[in-house]
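Remarks on the structure that follows.
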Amino acid sequence: MDIVMIWTILLLFAGLLALYLTTSARSRSKNEPPLDKGRIPWLGHALEFRKDPFKFLTRMKKKHGDIFTVRCAGLYVTVLLDPSSYDDVLLDTVSLDFSRYAQMLMQRIFSLNFPGRNAASERDWMEKQFLGHGLAQLNGVMRENVHALLSSPEMLQNQTDWKEEGLFSFCYRLLFRAGYLTLFGKENSGELSTTVYKEFRKFDNLLAKIARLSLKRDEKKRAGELRQRLWDLLSVGPAESWQQSYRGYLRDEGADEETQRRAMLLQLWTTQCNAGPAAFWFLGFLLTNPEAMSAVMSEINSLSPLAETNSASHWRNRRTRLCLTALSVRCYASPLPPTSPESPEMDPEIHQEPEKFKYDRFLKADGTAKTDFFKCGRRLKYYTMPWGAGKNICVGRHFAVSGIKEFIFMVLTCLDLELCDPDSAMPPVNTSRYGFGMLQPDGDLEIRYRLKRSSPT
Ligand code: HEM
């Protein structure tokens, strides 16, 4: 071994030692949460976290309880799983500012860099669109689009024949297309919506890997091509659409053409990645729990007898609205969609057997909504958090609930829908997507459907 090599090895060793000493120096002080640095110097738990964040956090929660700090790639991350402390965190927007992290993800996933972005003014703009008068308008367009898709020739063809499909792809496909047409589309862009959906799903499947920088070389190339293709597909839109108003807003804020173009994909993902998967969990739990399905169907039938609902206008009447309201209380809130281990939905001290579907979980004995949930004897404000909380709470939540209810109501009343195999169970959760939108299933639930003979369409 020559002298240069010996010196190189010595220097490398000294560097590693210095790195180890500086990054391992931190120790737990009094009044601080348990500190778990992991065995590997500097990296700590980074590899385990990256491999399966869901499993890792579940293991840490078992080991340390509701609050703990872990070391991941040199960073010390404190994890808070106690919902009664959420307000302290949410209200401290100065020390806990997520905007830098959000910008880093925007750049990494969507290749979008908009340094002048003003989050507060964008939030104001979004609230005008998705609350109040704007919401009523969008809900109307969404309703028309859901109806149009469910009564389109592709559904109506061969009225008597059963069609087979995975429930996840059925829900995602139809709700995505309806949502896309509502916010980005134009009349007669049905075919384009199918193309955008297909490309979007491919991109969405790579998204968690893009964010975690774990793409293989060919996947990286693919992700870049898909991004480019989606930018192109989204670059045309009718003058009157939500999409064009958003572009106008960005222009006024000083964003150049390219930034405006790229921002469309970010908005497509934010507005369309959750509703379809949510509808899947909802319908899947109903199909695999006949008791819950018959409770929902008897409610629908009692409020809106199918025999009477034979004209399109009847859909928009008061009875339908009543029925949708009832659906929302009785069952939209009932199943717990699978969420991450840090969410209150998965805490067994708050919800007994959280992994099990219990359709009346959020109902009192008298049928009204149950809102009192406790942890360690304290009544909780945050006992479910599907929309996030605080100043970043989902601005589209009312639009989402309305669209999902409309879709589910239409599916249950227009279609005969059943499992291909009556004994099939819900597929497990795909935990690799954890942290990026509503969790999706690992696999699918095969269903078959056809138009009901007494369908109102
Ligand atoms: C079941 C459906 C949906 C779920 C579960 C959901 C969930 C969420 C969550 C958890 C956040 C908060 C992220 C954070 O804390 O930073 C969020 C943000 C957001 N959501 Fe939703 N969302 C859904 C549907 C929608 C729809 C349909 C739209 C619009 C059409 C929408 C628009 C937005 C926007 C614009 C934000 C960013 C808000 C901000 O940063 O101020 N979401 N969503």
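The values are calculated or read from the model by the stated rules, or taken from the named source; none is laboratory data. Just so you know, these numbers come straight off a predicted model, no measurement behind them. Note that each Cβ is placed from the backbone with ideal geometry, even for glycine, and that neighbours are counted across all protein chains shown.
Structure data summary
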quantity	calculated
Members of the range 49-97 found to be of a type in the set (Phe, Trp, Tyr) and in contact (Cβ under 8 Å) with a residue 12 or more places away in the chain, listed by number	49, 54, 68, 76, 86
Tally, over the range 279-318, of residues that are under 17 Å from residue 143 (Cα atoms) and either modelled with pLDDT of 90 or more or assigned to a helix (DSSP H, G or I) (or both)	7
Subset tally (residues that are surrounded by fewer than 16 Cβ atoms within 10 Å (Cβ to Cβ), farther than 23 Å from residue 392 by Cα and of a type in the set (Phe, Trp, Tyr)) for the range 52-110	1
Residue that is assigned by TED's automatic domain parsing to the domain that holds residue 126, modelled with pLDDT of 85 or more, over 24 Å from the mean Cα position of the chain (by Cα) and closer than 24 Å to residue 192 by Cβ, where the choices are 254, 248, 237, 276	248
Residue 69 among the β-branched types (Val, Ile, Thr), closer than 27 Å to residue 374 by Cα and part of a helix (DSSP H, G or I)	no
Exclusive hit being under 30 Å from residue 73 (Cα atoms) and surrounded by 14 or more Cβ atoms within 10 Å (Cβ to Cβ), set 250, 234, 215	215
Verdict on residue 358 being at pLDDT below 85 and more than 30 Å from residue 269 (Cβ to Cβ)	yes
Close pairs from the range 250-278: first farther than 18 Å from residue 170 by Cα and in contact (Cβ under 8 Å) with a residue 40 or more places away in the chain, partner of a type in the set (Lys, Arg) and more than 10 Å from the ligand (Cβ to nearest atom), Cβ under 7 Å, at least 6 apart	265/227
The range 382-403, subset closer than 12 Å to residue 271 by Cα and not in a helix (DSSP H, G or I), residue farthest from the ligand (Cβ to nearest atom)	395
Positions within the range 115-164 being crowded, with 16+ Cβ neighbours inside 10 Å and in contact with a strand residue (DSSP E or B) (Cβ under 8 Å, 6 or more places away or on another chain), in sequence order	150, 155
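Listed here are the residues, each with its yes/no results for (1) within 15 Å of residue 166 (Cα to Cα); (2) buried (at least 19 other Cβ atoms within 10 Å of the Cβ); (3) not assigned by TED's automatic domain parsing to the domain that holds residue 297.
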{"site": "384", "(1), (2), (3)": "no, yes, no"}
{"site": "388", "(1), (2), (3)": "no, no, no"}
{"site": "399", "(1), (2), (3)": "no, yes, no"}
{"site": "404", "(1), (2), (3)": "no, yes, no"}
{"site": "413", "(1), (2), (3)": "no, yes, no"}
{"site": "427", "(1), (2), (3)": "yes, no, no"}
{"site": "438", "(1), (2), (3)": "no, no, no"}
{"site": "446", "(1), (2), (3)": "yes, no, no"}
